[in-house]
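Student: Pasting a structure below so you can have a look.
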Amino acid sequence: MTSTPGHAHTDLPDGLPPVVDPATWEDERAKLLVREKAHTHEGDAIAAARRRLPMVEVDGTAEVTGAGGPVPFLDLFEGRDELVVYQHMWYDGAPHQGQCEGCTTTAWHMRDAVYLNARGVSCAVLTSGPWDEVAPYVAFMGYTQPWYSVRDVAPPIGGEMGHLISFLREGDRVFLTYSTTGRGNEPVNGSLALLDMTPYGRGEAWEDNPEGRRVLGDVHESHPAAARQSCWYWRTDATGHATWGPTGRPTPQWTRPDATPEKTLGRRGDHH
């Protein structure tokens, strides 16, 4: 390790990056920037190919149920030409803390669609849950985007949840243009992109970290459940430690009033 004057490498924890002079740092940063630019350009090319995908016509008259009762799916465009929806998974009969952790996190990052609206794109969250269960959950979370139940609605509007989907409207005709899931949903969650810029990263099990590098979960040795795992940010206890234990709930829920620790995740037949 190269140290700056007056700073021995023993002053720093093991596993941190080497300390170098500014010129050396600028040189290494420039090398990485070449790769970053190539990555950006490839992303642009993929986006261009995405815009050229064929599309499938769907039934814009299909009824979905929101705060105002049943409405045709076409209404979700709110007069705009494009619509992006997130399909939120649902566990029937589960309390708020028992709903899908990843979906809770994704929907939390979609609360403000002002910039989408400015580009003529509407945004909504769809879920397979019954509206009488969904409505109090939406109120508890304080979500501001429109939510709709798509129970018993055929795919791609209903069906399997956990997807980001893009639709196009031409008059009264509606078309499916794009769908993604898994890590394809990550663009919604800007927190992950910011964590990718930090030396400790996301703290997920699959990450490639330097030998000896501390990861997020290692900080709290008294909380074994906080060890590296792919979804540490989905569920925590009241102190912020990642856990799948009986007092955990989806991380965004801790900001809600009366969000107290629970004795179970609440899913039917699912006791952690």
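The values are calculated or read from the model by the stated rules, or taken from the named source; none is laboratory data. Because the structure is a prediction, the values reported are computed rather than measured. Virtual Cβ from ideal backbone geometry, glycine too; neighbours counted across all protein chains shown.
Student: Output yes when any residue across region 89-108 is among the β-branched types (V, I, T) and more than 23 Å from D258 (Cα to Cα), and no when none is. Let's see the steps before the verdict.
Tutor: Pass one, region 89-108, residues among the β-branched types (V, I, T): 104-106.
Right, trim to more than 23 Å from D258 (Cα to Cα) and you get none.
No, that holds for no residue.
Student: What pairs come up if the first residue lies in region 50-72 and is in contact (Cβ under 8 Å) with a residue 12 or more places away in the chain and assigned to a strand (DSSP E or B), the second is of a type in the set (V, I, T) and exposed (fewer than 12 other Cβ atoms within 10 Å of the Cβ), and their beta carbons are under 6 Å apart, counting only those six or more places apart or on different chains?
Tutor: P72/T61
Student: May I pose another question? Give me a count of the residues in region 117-156 that are in contact with a strand residue (DSSP E or B) (Cβ under 7 Å, 6 or more places away or on another chain) and modelled with pLDDT of 95 or more.
Tutor: The qualifying residues number 20.
Student: For region 122-142, enumerate the residues that are of a type in the set (A, V, I, L, M) and either surrounded by 18 or more Cβ atoms within 10 Å (Cβ to Cβ) or touching a helix residue (DSSP H, G or I) at 6+ places or on another chain (Cβ under 7 Å) (or both).
Tutor: Let us first name the residues in region 122-142 that are of a type in the set (A, V, I, L, M), namely 124-126, 134-135, 138-139, 141.
Correct list: A124, V125, L126, V134, V138, M141.
Student: What are the residues in region 159-212 that are over 30 Å from R52 (Cα atoms), of a type in the set (G, A, S) and touching a Phe, Trp or Tyr at 6+ places or on another chain (Cβ under 8 Å), if any?
Tutor: Looking only at region 159-212, we keep the residues that are over 30 Å from R52 (Cα atoms), and these are 195, 197-212.
Remaining after also requiring of a type in the set (G, A, S): 201, 203, 205, 212.
Matches in region 159-212: G203 only.
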